[in-house]
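Enquirer: The structure that follows is given in the form of structure tokens.
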Amino acid sequence: MPQRGQQVATVVIPQDTWRQVDQQIIAASKSAIEQAGVYARGSMEHWRVLVYERTEVEFIPWFSSYWTQEWLAVKVSWYAASAKGEEDSSARRLAVYLQEQYREQVLEPVAVQIDPEAIRASATDYYLRLVSQQVQVIASRHQIPTELMNRRLHGIPAIRLGPPAARNASLYEMVHTEPLNTLPAYAALIDHVNKAAATGSGPSDAVIATVAQRTSEKIEAQFATRGAAGAAAAVAGKAAGALISVGVAGIRAMIHEGERLEMEAQIRKNLSAAFDEAWFRSLKHPLSGVMAPVYYLDEEIKGYLVESDLANRAVALPDIKP
């Protein structure tokens with residue numbers, strides 16, 4: 001009685017059938033991208049809502065408070081004193097500080113529930129599961145034994161980031177590795193996407209940069225007024241000077257509270273506009289967005305299969321002599 005491997009070896013799949021299979025794999029990948037894209041957008045919408053809520057509850061009240069603004073003024077004055085002639089040094093250094101605060105107060109707490117990196121991994125896994133399911137349907141449709149179909153998938157590159165060879169992976173490896181993050185080539189792909197993302201600013205950077213610039217300019221404009229109050233305190237003497245300083249601080253606090261609603265409205269507007277732009281880029285950018293690994297895999301798979309089909313057709317052409 002012939003063994004299973006011997007039976008498979010006698011099965012011959014016509015080249016035209018393999019050509020149809022390849023075209024259907026390309027179509028399956030396209031369909032999987034569309035469905036993974038719907039999932040990614042829904043997840044990113046959920047993430048954006050959580051970020052907006054926490055920004056409103058935590059960051060905006062913290063940023064607009066009197067004592068935070070006083071502390072930022074101290075930092076800006078220190079930045080200005082140590083700038084050593086660097087242009088916009090105060091604004092840039094303030095931006096770094098505010099980015100840290102935004103991450104700590106908003107992005108990191110939200111990331112406990114969901115974040116773009118987790119969405120990116122889930123979208124990639126979802127895409128591969130959909131492709132795997134469709135490959136099984138295609139094999140059944142054309143009555144191709146599992147062993148032969150697996151052999152075909154082994155020959156289709158999905159990741160080509162080597163050398164070394166561990167940074168490469170076939171479509172078979174991608175759809176059969178569980179969990180996906182144990183595959184070295186997948187780690188190389190994520191590193192590839194992260195490097196592309198590092199060439200531009202992240203969401204928190206884009207959100208905070210404009211706010212930091214305007215805050216720095218506002219604080220620096222206030223220095224002249226504060227300097228006059230300090231001079232009045234020095235002339236009045238130590239005891240009276242202390243009272244004047246406290247009085248001036250109280251007046252500033254009252255003025256600040258009167259302007260706080262307007263300040264918060266402006267901060268909210270700046271944050272919303274900058275964050276929406278950064279969010280859209282994170283969702284849509286083909287090289288660094290949450291769908292970037294999926295786009296990469298599709299391009300590799302489709303590119304190989306199209307090139308392979310063209311090469312096979314060229315070989316099949318008759319040799320026409322002049």
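Enquirer: Pairs only if they're at least six apart or on different chains, beta carbon under 8 angstrom, first in segment 13-40 and touching a residue at least 40 places away in the same chain (Cβ under 8 Å) and more than 30 Å from PHE280 (Cα to Cα), second part of a helix (DSSP H, G or I) and among the hydroxyl-bearing types (Ser, Thr, Tyr); list them, first residue then second.
Expert: ASP22/SER308
Enquirer: Now for a different question. What is the number of the single condition among (1) surrounded by fewer than 16 Cβ atoms within 10 Å (Cβ to Cβ); (2) of a type outside the set (A, V, I, L, M, F, W, C); (3) modelled with pLDDT of 55 or more that SER282 does not meet?
Expert: (1)
Enquirer: Then there is this: Out of the residues in segment 193-204 that are surrounded by 17 or more Cβ atoms within 10 Å (Cβ to Cβ) and either at pLDDT 70 or above or not small (Gly, Ala, Ser) (or both), state the one that is farthest from LYS269 (Cα to Cα).
Expert: So the residue we want is VAL193.
Enquirer: For segment 285-300, give me each residue that is in a helix (DSSP H, G or I) and not β-branched (Val, Ile, Thr).
Expert: Matches in segment 285-300: ALA292, PRO293, TYR295, TYR296, LEU297, ASP298, GLU299, GLU300.
Enquirer: Which one of SER216, SER272, SER288, SER308 is at pLDDT 75 or above and touching a Phe, Trp or Tyr at 6+ places or on another chain (Cβ under 9 Å)?
Expert: On inspection, the qualifying residue turns out to be SER272.
Enquirer: Ok, one more. Quick one: which helices (runs of 4 or more DSSP H) lie wholly within segment 26-139 and hold at least 2 residues that are surrounded by fewer than 20 Cβ atoms within 10 Å (Cβ to Cβ), at negative phi and of a type in the set (S, T, N, Q)?
Expert: Helices (runs of 4 or more DSSP H) meeting the threshold: 66-81, 89-102.
Enquirer: All but one of (1) assigned to a helix (DSSP H, G or I); (2) in contact with a Gly (Cβ under 9 Å, 6 or more places away or on another chain); (3) at pLDDT 85 or above hold for GLY303; state the number of the condition that does not hold.
Expert: (2)
Enquirer: For residues that are outside any helix (DSSP H, G or I) and surrounded by fewer than 17 Cβ atoms within 10 Å (Cβ to Cβ), scanning just segment 171-191, find the one that is modelled with the highest pLDDT.
Expert: Here the residue is THR177.
Enquirer: Now for a separate question. Answer yes or no as to whether PRO145 is surrounded by fewer than 19 Cβ atoms within 10 Å (Cβ to Cβ), closer than 24 Å to ALA40 by Cα and not hydroxyl-bearing (Ser, Thr, Tyr). Give the steps one after another, and end with the answer.
Expert: Values: surrounded by fewer than 19 Cβ atoms within 10 Å (Cβ to Cβ): yes; closer than 24 Å to ALA40 by Cα: no; not hydroxyl-bearing (Ser, Thr, Tyr): yes.
Judged against the criteria, PRO145 is not a match.
Enquirer: Can you confirm whether segment 63-84 contains a residue that is touching a residue at least 40 places away in the same chain (Cβ under 8 Å) and under 30 Å from ASP191 (Cα atoms)?
Expert: No, there is no match, as no residue in segment 63-84 is touching a residue at least 40 places away in the same chain (Cβ under 8 Å) and under 30 Å from ASP191 (Cα atoms).
Enquirer: Taking only segment 104-155 into account, find how many residues are among the aliphatic types (A, V, I, L, M) and under 26 Å from HIS285 (Cβ atoms).
Expert: Qualifying residue count for the region: 13.
The values are calculated or read from the model by the stated rules, or taken from the named source; none is laboratory data. As the structure is a computational prediction, the values presented were derived from the model and not from experiment. Every residue, glycine among them, receives a Cβ derived from its backbone with ideal geometry; neighbour counts consider all protein chains shown.
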